[in-house]
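S.K.: To start, I am sharing the structure in question, which I have written as structure tokens.
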Amino acid sequence: MKKIYLILLGIIVIWALILGILTWQKNKQDKLLARIKTQVQNYQNYKPDNKEYHKVKRSESNDLYYYAADNKRYVFPSIEVYRSWYGDFIIDNLKIENLETLYQTPLGGNVTFRPGTLMQTPTDPHIYLVIKNGAIRPFINEELLIQIYGADWKKSVYNLENYYFTQYKAGEAIKSLKDFPEIPSQININQDKGLE
């Protein structure tokens, strides 16, 4: 009888340890997911300071340029790239520069999507997370996107034409929550390009 009691006690202790480990792992995953969702929420709530709006100029033909700290102008290749930085700030409110004035400042390149942006191209099935200065990482599965961004995650994805995709550098895939990188809560284009 004592032997059976010891065996039962041993089984209970083993199950308690297993349950404790599983609970600890779940708590760890829950905390990680909460941290990631906070980063995503901060990304979605981002508002640039007023000084940033004044660094964007538009040409008479409605091309948009960012005047950077390196004394160059960077073109927004699409309205979606602009919106990743400035949301729905009305372009009509931007100062119009004549072409002669614009061309006095050398062109530095293109602005890339803001870090934290989800993007895709028409001919690539992957959804990418923009990290910094055009570095991107693909998500491996839709379940992870749903876990982080919710069931309507597709509404958060910006589209990029194929010919601009070469300006981005694909890195390691995001296969699980632990692979999700830090997203800066406050960043401007100068900082993204390493100019400040």
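What follows is calculated from the coordinates using simple rules that are stated; it is not laboratory data. This is a predicted model, so every value here is computed, not measured. Cβ atoms come from the backbone with ideal geometry, glycine included; neighbour counts cover every protein chain shown.
S.K.: Rg and Dmax of segment 50-110, Cα atoms, in Å?
M.R.: 10.7, 29
S.K.: Considering only C-alpha atoms, what is the centroid distance from segment 80-141 to segment 55-70, in Å?
M.R.: Taking the Cα centre of segment 55-70 as reference, the centre of segment 80-141 is 13 Å away.
S.K.: Give the Kirkwood hydrodynamic radius (Å, one decimal) of segment 47-196, defined as one over the mean of 1/r across all pairs of different Cα atoms.
M.R.: Numbers: mean 1/r = 0.0614 Å⁻¹.
Its Kirkwood hydrodynamic radius stands at 16.3 Å.
S.K.: Name the trypsin sites (Lys or Arg not before Pro) in segment 64-114 that are in a loop by DSSP and that have at most 12 other C-beta atoms within 10 Å, would you?
M.R.: Working: sites: K72, R73, R83, K95; in loops: K72, K95.
Passing sites in segment 64-114 are K95.
S.K.: Out of all Cα-Cα pairs in segment 102-167, roughly what percent, to the nearest whole number, are more than 13 Å apart?
M.R.: Tail of P(r) above 13 Å: 67 percent of Cα pairs.
S.K.: Please list, in order, the residues from segment 97-132 whose amide nitrogen is less than 14 Å from a point placed 7 Å along the Cα→Cβ vector of N42.
M.R.: Once the point is set 7 Å along Cα→Cβ of N42, 115-117 turn out to lie under 14 Å by backbone N, inside segment 97-132.
S.K.: Count the DSSP beta bridges whose two residues both fall in segment 50-110, then state the antiparallel fraction as a percent rounded to the nearest 5.
M.R.: Antiparallel bridges: around 55 percent, rounded to the nearest 5.
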